[in-house]
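Please read the structure below before turning to the comments.
The values are calculated or read from the model by the stated rules, or taken from the named source; none is laboratory data. From a predicted model like this one, the values you see are computed outputs, not experimental measurements. Here the Cβ positions follow ideal geometry from the backbone for every residue, glycine too, while neighbour counts run over all protein chains shown. Each accessible area value is taken on the protein alone, full model and side chains, heavy atoms only, with ligands, DNA and RNA left out. Shrake-Rupley method; radii C 1.70, N 1.55, O 1.52, S 1.80 Å.
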There are 2 protein chains.
Amino acid sequence: MFVIITYDVDEKRVAKVCKKLRAYLDWTQNSVFEGEITKGKLIKCLRELELLTSDSDSIYVYKVENPKHIVKEVMGQDRSFDKFMF
Amino acid sequence: MFVIITYDVDEKRVAKVCKKLRAYLDWTQNSVFEGEITKGKLIKCLRELELLTSDSDSIYVYKVENPKHIVKEVMGQDRSFDKFMF
């Protein structure tokens, strides 16, 4: 499936959450990750995030079962390419 | 259709971009907006955003034609309710 995960977590946990999400998905922009992932891996990823975060943090998961059902458009700079430039 | 729009724009344009997106969609978290919108209104919204932003800014638009094809889950706090609390 295709997922988009956005997070808004306490500053002191940002790096850990970001690192964890990088292990499963592609960073796109700010606090947004996206990518194709199996249901099993997504469950694993969310369990691991749960251990890293607190109830006051916020993580949104948008799931689209069939990647063909979602279309992505970029206006302006495609930040997801920045990672290849550093 | 259902859309998720995320932005990463220069600090001096954040307020304008945010205000514009609020006119069409629901703010969810950080620089993320979502909501159901007609194709016509989305085109209008994106044209207006284009006028407000520069090529160095970045706006991502994820479109799902049938809202039934996308499922949203929230871990932790649902920030989208914060707006009703202030």
Test B:Ile5 against the stated conditions and say whether it is open to solvent by less than 40 Å² (accessible area, probe 1.4 Å) and more than 7 Å from every other protein chain (Cβ to nearest Cβ). yes
Only one of A:Glu50, A:Glu73, A:Glu11, A:Glu65 is open to solvent by 50 Å² or more (accessible area, probe 1.4 Å), within 19 Å of B:Gln29 (Cα to Cα) and within 8 Å of chain B (Cβ to nearest Cβ). Can you tell me which? A:Glu50
Matching residues, the stretch A:49-70, being within 14 Å of A:Ile5 (Cα to Cα) and without any contact (Cβ under 8 Å) to a residue 60 or more places away in the chain: A:Leu49, A:Glu50, A:Asp57, A:Ser58, A:Ile59, A:Tyr60, A:Val61, A:Tyr62
Could you list, in sequence order, all residues of the stretch B:14-33 that are within 8 Å of chain A (Cβ to nearest Cβ), open to solvent by less than 60 Å² (accessible area, probe 1.4 Å) and out of contact with any helix residue (DSSP H, G or I) (no Cβ under 7 Å at 6 or more places or on another chain)? B:Ser31, B:Val32
